[in-house]
Amino acid sequence: MITKNTQKTILVIEDEADILFSLKTYLESEGYQVVTAENGEGGINFLQKNPMPHLILLDMKMPVMNGWEFSEHYRKNFSQSLRAPVIVMTAAADAEARAREAQANGWLGKPFSLEEITAQLQKFLGTHPG
Amino acid sequence: MDQFNFIPQLARARHPLSQILWGVVISGMIITLQSLLWSWFIATPYVLMPLGVILTSFFGGGLGAGFTTTVILSFYGLTFPGTNDWVSPVIFFLTGVFGTVLVDLAQKKIRELTGKEVRAEEAERLTFAAASANIGIWEWDIQNDTLTWDDQMLEFYGIDRSTFTGKVDTWKKGLHPEDAEYSNQVLLDAVSGKTSFKLEFRVLHPNGNIRMIRANAYVMRDEKGTAIKMFGLNQDITKEKNTLREIRDLKAYFEAALVQSPAGIVIGDAPNGLLRFVNPAALNIAGGDQSTLVTNVDINRYARWRITDINSIPIPNEELPLAKAVRAGHTSSENLIFIRPNGEKRVVFSQTAPVRREDGSILSGISVFVDITEQHKLMEELSAAREAAEVAMRAKAKFLDIAAHELRTPVTAASLLTQLTQRQLEKGEALDKTLLQRMRVQLDRLSRLVVDLLEVSKLDRGVLELRYECTDLRGLIADCSSTFQIQFPDRKINFTPPQEPLELMIDPIRIFEVLSNLLDNAIKYSPEGSPIDLELQVGPEFVRYSVRDYGPGLTEEGQRKLFSAFERGNVNEKTSGLGLGLFICRGIIALHNGSIGVHSSPEKGSTFYFDLPRKKELQKTGS
């Protein structure tokens, strides 16, 4: 029903293995193509070598390169017309403010439900993953 | 005013002997003059005699002088050429007697004529002066006891002209009983010539009012020195005395207030700031006695007090508030520090101002200061405590933030995993058992965090309990080491255990927790692949366990914060965890009566260690 080349790609950057696993499992079951990175640096590396994904899900607190540092690199190295929307996932109490700080397009406050993810995806990618 | 007898005297009446002397002197002068001028002027006795008689009568002070001159000059006249018969001396003598009497009569007539005019004029002047100066005038004819008072006198003594008896008793009755005896004595002494009449006394009016009077008088005497009359003045000094008394009272009040004041008070006089007054409180605060105080000197060295500002910076004497107040009229209030001779410091709050005269010129400067050492200390302690409390509050707020974050991560993972499982079940798909496995891991992690938090809470409230067992610490370390070695196969964990087991009364679970925590930190905070060295040293009273890593080390600031709750040695957003590990370790070791610490410097790695006592009786306490 969905051909691979029309599938939308989502980059998930998250250091917590179980969260990363859950997101990947869920998004793939929804029909998206999922690529992952364990920290900001991995994310940047991926973006430099691959076509821009349709959406980036970004954890904020990570070792090596955290969400803020990633955002800074991302904005610096990729032009605005090229950039995919970024949705930050944060456990901070003031999630919305943190998202604004990182100049993200949307935010998910940890813990979040699968429905909340779906709502964000629909907002930025439309109703259909393909 | 006719009551007064001012007698202008052309020549004052003299004692008879004095009159004879005057006659001799003036005759002598005339004879000498005649002898000197003999060569070119020979005055006839007819010229010399009247001249001598007139001069003598005027200056000699009575008929006696004139007669003396007459006799002397008559004999002198006998020596003149052509007069050596008996007629001429007789004529001379008769001329002298007649001239003397005539001059005396003329003198009396002149006195009578001019005296009246002078008297009226003088009296007018005197009345005016007396009225202006609020002075009463009196005269007392002592022989006849006739007392004459002007209206002012009556007013002073509070009596009416109609009741005025004109006797000296009036005066005596008017005196205040307490002053009467003394005043009467002064009067008697003045009359007898022992003293002058000059005194102050109180007057008691019939209506009970009291006036203060200052009196002066002089005594007129006859030729024999007998007092005939007294003439005097009374001055009402009630107001003056009252004012003086008020000023004295006021001075007494102020002095008492200044002396009794718990505040230190120092007064320096303009323009040089000579020290006028230092109250006991000031000496007390400055910590000296009178000997430390040099009064009546220039303010620049007025006291051997050392005064600094509140930051302990010495103030030069000429810049002291009092000096500036006296010199330039400065008003100021500030906190100062007095350094006592023994070196003790007292903090004072001081207010200084110039004291000005009515015309605005500076009279003196006054400094008032209170000792606020205790309050100042309290304030400083309070502010330090508040600062510490604020730091603690911030740390706690930060900790809450971190704790929430740390708790949310496993909750998020577990929640997502649960939702996925639910979805699979709803869709009728085969259940992925790894999801449950992962869920279990996350929930374990969550419960560990909760246990940590509970432990901190217990330590914080002092209710963490230990379960002591006789435990081989060497074995415990070996177990911990091998557990981590399996978990981190690429790290070399070196532990050379002592030959003998080391048995101590400890809580093995808690101590294992400490061992794990220290080893976990060493691995976490040092580069991958670097070794970790464990060591167990056994002393006579203590054993020391240490963990050495080859990581980045810690700054002094980091080391200081290390063992407090909610702090990490190296603040780093990238590091996860609650930062409670070392705080819990310290708590556990402290409960074992041991101590925990770190030796570290940046770039050189860190050695964490703890010491535990070997004596069992100590270790049993607290279980």
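Read-outs throughout are calculated quantities, based only on the coordinates presented, and are distinct from any laboratory measurement. On a predicted model such as this, the values are computed, not experimentally measured, just so you know. We place every Cβ from the backbone using ideal geometry, glycine too, and count neighbours over all the protein chains shown.
Are there any GluC sites (Glu not before Pro) in region B:482-538 that are in a DSSP loop and have at most 16 other Cβ atoms within 10 Å? List them by number.
Qualifying residues, ordered by number: B:Glu528.
With an 8 Å cut-off on Cα pairs and a minimum separation of 6 or more residues, tell me the relative contact order of chain B in percent.
On the way: 968 pairs, mean separation 38.8, N = 623.
About 6 percent, as a whole number.
Across region A:66-130, Cα-Cα distances exceeding 20 Å account for 32% of all pairs. The HN-Hα couplings worked out from phi for region B:492-508 by the Karplus form 6.51 cos²θ - 1.76 cosθ + 1.60 (θ = phi - 60°) are 8, 9, 9, 9, 9, x, x, 5, 8, x, 10, 8, 9, 8, 9, 8, x Hz, whole numbers, x standing for Gly and Pro. Sorting the Cα pairs of the protein assembly as shown by distance into bins of 20 Å, from 0 upward, gives 11, 19, 16, 14, 9, 9, 11, 8, 3, 0 percent per bin. A cut-off of 5 Å between modelled amide H atoms, ignoring neighbours fewer than 5 places along the same chain, links B:Ile532 with B:Lys492, B:Ile493, B:Asn494.
The GluC sites (Glu not before Pro) of region B:405-463 that meet both conditions, a loop assignment by DSSP and at most 15 other Cβ atoms within 10 Å of the site Cβ, are B:Glu429. Residues whose amide H falls under 5 Å from that of B:Ala270, counting only those 5 or more places apart or on a different chain, are B:Ser364, B:Gly365, with hydrogens built in the peptide plane. Rounded to the nearest 500, the 222 nm mean residue ellipticity of the protein assembly as shown from helices alone is -16000 deg cm²/dmol, with -39,500 (n - 2.57) taken per DSSP H run of at least 4 residues.
Rounded to the nearest whole Hz, the Karplus-based 3J(HN,Hα) values (6.51 cos²θ - 1.76 cosθ + 1.60, θ = phi - 60°) of region B:337-347 follow the sequence 10, 9, 9, 5, x, 8, x, 5, 9, 10, 8, with x at glycine and proline. As a ratio to 2.2 N^0.38 Å, the alpha-carbon radius of gyration for region B:133-242 is 1.03.
Shown here for region B:394-488: trypsin sites (Lys or Arg not before Pro) in loop regions (DSSP other than H, G, I, E, B) with at most 13 other Cβ atoms within 10 Å, namely B:Arg467. Net charge in the neighbourhood of B:Arg510 (other residues with Cβ under 14 Å of its Cβ; Lys, Arg +1, Asp, Glu -1) is -3.
In percent, rounded to a whole number, the relative contact order of region A:4-125 is 21, using alpha-carbon pairs under 8 Å and six or more apart. Couplings 3J(HN,Hα) for region B:434-440, derived from phi with the Karplus relation 6.51 cos²θ - 1.76 cosθ + 1.60 (θ = phi - 60°), are 5, 4, 5, 4, 5, 4, 4 Hz, where x marks Gly and Pro.
Cross-link reach is defined here as a Cα-Cα straight distance under 16 Å, omitting same-chain residues fewer than 8 places apart; for A:Lys8 the lysines meeting it are A:Lys24, A:Lys123.
Please return the longest range in chain B lying between exposed loop sites, taking chymotrypsin sites (Phe, Trp or Tyr not before Pro), DSSP loop only, at most 10 other beta-carbon atoms within 10 Å, and leaving the sites out.
Numbers: sites that count: B:Trp38, B:Trp40, B:Phe41, B:Trp86.
For chymotrypsin sites (Phe, Trp or Tyr not before Pro) (loop position, at most 10 other Cβ atoms within 10 Å), the longest site-free span of chain B is B:87-623.
Straight-line reach from B:Lys224: taking Cα to Cα under 19 Å and skipping same-chain neighbours fewer than 8 places apart, the lysines in range are B:Lys194. Placing a pseudo-label 7 Å from each Cα along the Cα-to-Cβ vector at A:Arg75 and A:Ser29 gives an inter-label distance of 3.6 nm. Taking a sphere under 9 Å around the Cβ of B:Thr471 and counting the other residues whose Cβ falls inside, with K and R at +1 and D and E at -1, yields a net charge of -4. Quick one: net charge of A:Met52's neighbours, Cβ under 13 Å, K/R +1, D/E -1? Around A:Met52, the surrounding residues sum to +3.
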